[in-house]
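The structure under discussion appears below in the form of structure tokens.
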Amino acid sequence: MPARADTAANGRATAERIVDEGLRLFAENGFHGTTVGEIERRAGLTPRAGALYKHFPSKEAVLEAAFERHVAELEELRSVMELMPLGDLRAELTLIARSALQMLGRERNLRRIVITEGDRFPDLKRRFETGVVDRAYRDATDFVKQKMETGEFPEGDAEAVAVAMVGSLLAYELEIDVFRRPPAGVDEERLIAAVVDSWMAMSHDGAKEV
């Protein structure tokens, strides 16, 4: 039994390496510019010996697995949201900003593929839009509505506020996507401090701080 468990664990680890390296190569070289042999080599396997096919039926299945894994990872961010309220609005906003930036960073390669090759994979593009992007805005809107109901945020257009909040973080990550460097040399901690200050400024708690 232990040997069988070890074999299964090794198989999962190999599959994860294939997904990691496949996604990285798809983002760097394009889906069609990436060969199965290259994925196997980068994953530490013997190229063109059929190792990838022991875990996935095709390159498309590797990309699909990468998407499904990311959707599962997004539940981690939602579990953070379930910790609310913390009783400290600034602490809540800081936790949300930091977790959101971490998740945006983790999805960078997948996002790049959707942007550059979405027309070749319309189903993936649609699922990314509805399952990742739209859901992020819904979650943010729910949070803003909750804070409006408790009186921590002033009444207003919750969806528009949510778009502004998410958009500031997404714009930062998209610039890194394009130029491979933080905009204006601002690191994540500086950005988090600035966006939390701006979010607090529109809150009733922020008005008390001034």
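The numbers here are math on the coordinates, done by the rules we state, and not lab data. Please read all numbers here as calculations on a predicted model, not as lab measurements. As a convention, Cβ positions derive from the backbone with ideal geometry for all residues, glycine included, and neighbour counts pool all protein chains shown.
Between the range 131-210 and the range 30-75, what is the separation of their alpha carbon centroids in Å?
Taking the Cα centre of the range 30-75 as reference, the centre of the range 131-210 is 34 Å away.
With springs only between Cα atoms under 10 Å, which of Thr150, Thr35, Thr130 fluctuates most in a Gaussian network model of the chain?
Thr150
Compute the Kirkwood hydrodynamic radius of the range 96-210, taking the inverse of the mean of 1/r over all pairs of distinct Cα atoms, and give it in Å to one decimal.
15.4 Å
Relative to the present Cα-Cα distance, how much length would full extension add between Ser58 and Arg24 at 0.36 nm per residue of separation?
Working: separation 34, 0.36 × 34 = 12.24 nm, distance 1.63 nm.
Stretched fully, the Ser58-Arg24 segment lengthens by 10.6 nm.
Viscosity 1.306 mPa s, temperature 10 °C: Stokes-Einstein D of the range 23-98 from its Kirkwood Cα radius, in µm² per second? Please list the in-between numbers first.
Details: Rh = 15.1 Å.
The calculation lands on 105 µm²/s.
Could you calculate the contour length gain from Ala72 to Tyr137, that is, 0.36 nm times the residue separation minus the distance between their Cα atoms, to one decimal place in nm?
21.7 nm
Using DSSP to call loops (not H, G, I, E or B), can you name the trypsin sites (Lys or Arg not before Pro) in the range 101-210 whose Cβ has at most 11 other Cβ atoms within 10 angstrom?
Arg180
Return the calculated 222 nm mean residue ellipticity for the chain, to the nearest 500 deg cm²/dmol, obtained by summing -39500 (n - 2.57) across DSSP H runs with n ≥ 4 and dividing by the residue count.
So the calculated ellipticity at 222 nm is -23500 deg cm²/dmol.
For Ala201 and Asp123, what does the FRET efficiency come to when R0 = 35 Å and r is the distance between their Cβ atoms, rounded to the nearest 0.05?
0.25
Give me the percent relative contact order of the chain, please, defined on Cα pairs under 8 angstrom at least 6 residues apart. Show your work: numbers first, answer last.
Details: 153 pairs, mean separation 38.4, N = 210.
18 percent.
Sort the range 90-131 into rounded, prolate or oblate with this rule: let a ≥ b ≥ c be the square roots of the eigenvalues of the Cα gyration tensor; rounded if a/c is under 1.5, and if a/c is not under 1.5, prolate when a/b is larger than b/c, oblate otherwise.
prolate
What FRET efficiency, computed as 1/(1 + (r/R0)^6) with R0 = 22 Å and r the Cβ-Cβ distance, is obtained for Glu159 and Leu86, rounded to the nearest 0.05?
Efficiency at R0 = 22 Å is approximately 0.40.
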